[in-house]
1. Against the longest principal axis of the chain, how steep is helix 54-65, in degrees 0 to 90 to the nearest 10, with axes from Cα atoms?
2. Using a Cα-Cα cut-off of under 21 Å, which lysines could be cross-linked to Lys117, ignoring same-chain neighbours fewer than 8 residues away?
3. Around Ala24, what is the net charge, scoring Lys/Arg as +1 and Asp/Glu as -1 over all other residues with Cβ under 12 Å from its Cβ?
4. Rg over Rh of the chain, using C-alpha atoms and the Kirkwood radius, what does it come to?
5. Give the lysines reachable from Lys153 as a straight Cα distance under 28 Å; neighbours fewer than 8 places away on the same chain don't count.
6. So which trypsin sites (Lys or Arg not before Pro) in the stretch 91-127 pass both tests, a DSSP loop state and at most 14 other Cβ atoms within 10 Å of the Cβ?
7. Compare the Cα positions of Gly48, Leu139, Ser108 along the charge dipole of the chain (+1 at Cβ of Lys, Arg; -1 at Cβ of Asp, Glu; about the Cα centre) and return the one farthest towards the positive end.
8. Between His131 and Ala33, what is the FRET efficiency for a Förster distance of 25 Å, r being their Cβ-Cβ separation, to the nearest 0.05?
Amino acid sequence: MVFDNFLEELEARVAIEDCLNRFARGVDRQDWALARTLYHDDAIDDHGFFNGPADSFLAHIARMHALQEHSMHFNTNVLIEFTARDRAFVETYVLVLQRFKDRRVTASARYLDRFEKRNGEWKVAYRTLVHGDMVPEPLDGPVRLPEEFVQQKHGMDDPLYTLPRK
């Protein structure tokens with residue numbers, strides 16, 4: 001048993017899943033400071049099309065996301081395997097929906113992460129993205145939702161940041 005008690009393990013699991021979810025929010029809202037909280041300072045991210053330091057990776061995808069109108073990352077199955085009190089191997093299934101002016105893309109992938117707890121914080125030390133499927137679909141024109149709908153924004157002008165929190 002890696003942990004002394006179940007509560008310690010549960011706290012670690014919640015911290016890791018919260019970290020994964022903050023990253024998804026950060027990328028989908030182009031809140032790069034929030035997305036950066038996934039990584040330790042010396043972390044490496046290997047996304048296939050990019051392999052290097054986390055800060056350089058985030059700068060790279062920020063340029064890519066500037067061309068998108070919509071982005072949603074869904075973390076689904078998350079399997080956390082603790083190898084020590086301060087280290088875990090985490091496999092996360094991801095479904096990604098993205099929209100550009102001329103196309104919509106649906107993709108599936110998995111994050112294979114080495115999480116480490118340093119200075120009391122669980123963060124990624126090394127990430128590998130395993131690509132699954134990618135399905136592009138051409139769009140005939142812009143997507144239009146009814147005017148009265150509260151609409152998602154692919155930026156920090158999203159209602160998440162503008163609506164009051166009660």
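1. 20 degrees
2. none
3. On the way: positive: Arg22, Arg25, Arg29; negative: Glu17, Asp18, Asp28, Asp31.
Neighbourhood net charge equals -1.
4. Values: Rg = 17.3 Å, Rh = 17.2 Å.
Radius of gyration relative to Kirkwood radius: 1.01.
5. Reachable lysines: Lys101, Lys123, Lys166.
6. On the way: sites: Arg99, Lys101, Arg103, Arg104, Arg110, Arg114, Lys117, Arg118, Lys123, Arg127; in loops: Lys101.
For trypsin sites (Lys or Arg not before Pro) across the stretch 91-127 that sit outside H, G, I, E and B with at most 14 neighbouring Cβ atoms in 10 Å, the list reads Lys101.
7. Of the options given, the answer is Leu139.
8. Numbers: r = 27 Å, r/R0 = 1.07.
E between His131 and Ala33, to the nearest 0.05, is 0.40.
Read the figures in this text as sums done on the coordinates, not as results from a lab. Here the structure is a predicted model, which is why all the values come from computation and not from measurement. Cβ sites come from the backbone with ideal geometry, for glycine too, and all protein chains shown count toward neighbours.
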